[in-house]
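Heads up: the structure comes next, in structure tokens.
The values are calculated or read from the model by the stated rules, or taken from the named source; none is laboratory data. In this text the structure is predicted, and so the values were computed from the model without any measurement. Neighbour counts are summed over all protein chains in view; Cβ atoms, including those assigned to glycine, are modelled from backbone coordinates with ideal geometry.
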Amino acid sequence: MTDEAATSRATFPRYIRPVRLVRPFGLALTLAALALGPAACGDGGDEGEIENAVIKAAKNPDDPEIYCSLITRRFKQQITNETGEAADDACADRVAKADVKPANQVELGKIRVSNATARAEATIDGTSIRVELLKEDGTWKLTGAGLPRPSGATP
């Protein structure tokens, strides 16, 4: 037996084991992930953007800058009774004064996209809701349907 053969068949202590870096199944998964790109990981495309918007809104309902950037202008007008840019300013005010708590747990279910509208089924802290979104200025924003409104907001 040559030295090479003896080395490759050597026994190692339990804490030192030779590791095969790439297994055929692992290689296949890696290649599939690379081929599909970000969409395979839920980070890409409309569904990934929708998921991010819903999660961000649920986790930041008390942050005026974040929350107001995630809702449509029409929803801002509904919760503030203002129009145009006044609704943007009033939204930040309303959210800052609202008595809402960030979600601890957000899980998304089915997401359905149809052109510039979408619906997402979500469970937020154990409560199931359906959220409606609209693509406004190239960004998915929540329309307010299915969402709790900041305190003092009119329907």
Handout entry: Number of the condition not met by Cys91 [criteria: (1) assigned to a helix (DSSP H, G or I); (2) touching a residue at least 40 places away in the same chain (Cβ under 8 Å)]
Key = (2)
Problem - Subset tally (residues that are part of a strand (DSSP E or B), in contact (Cβ under 8 Å) with a residue 40 or more places away in the chain and either in contact with a strand residue (DSSP E or B) (Cβ under 7 Å, 6 or more places away or on another chain) or surrounded by fewer than 14 Cβ atoms within 10 Å (Cβ to Cβ) (or both)) for the range 121-146 - result: 9
Completion exercise
The one condition Ala39 fails out of (1) at pLDDT below 90; (2) surrounded by 18 or more Cβ atoms within 10 Å (Cβ to Cβ); (3) of a type in the set (A, V, I, L, M, F, W, C) is (2)
Practice task
Can you tell me which residue within the range 100-120, out of those that are of a type outside the set (A, V, I, L, M, F, W, C) and part of a loop (DSSP other than H, G, I, E, B), is surrounded by the most Cβ atoms within 10 Å (Cβ to Cβ)?
Solution key: Pro102
Handout entry: Scope the range 77-134; condition at pLDDT below 90 and touching a Phe, Trp or Tyr at 6+ places or on another chain (Cβ under 8 Å); matching residues
Key = Val95
Practice task
State yes or no: is Arg149 in contact with a helix residue (DSSP H, G or I) (Cβ under 6 Å, 6 or more places away or on another chain), charged (D, E, K, R) and either modelled with pLDDT under 90 or exposed (fewer than 14 other Cβ atoms within 10 Å of the Cβ) (or both)?
Solution key: yes
Exercise for the section: Test each condition in (1) modelled with pLDDT under 95; (2) surrounded by fewer than 17 Cβ atoms within 10 Å (Cβ to Cβ); (3) in contact with a strand residue (DSSP E or B) (Cβ under 8 Å, 6 or more places away or on another chain) for Glu65 and report the one that comes out false. Expected result: (3)
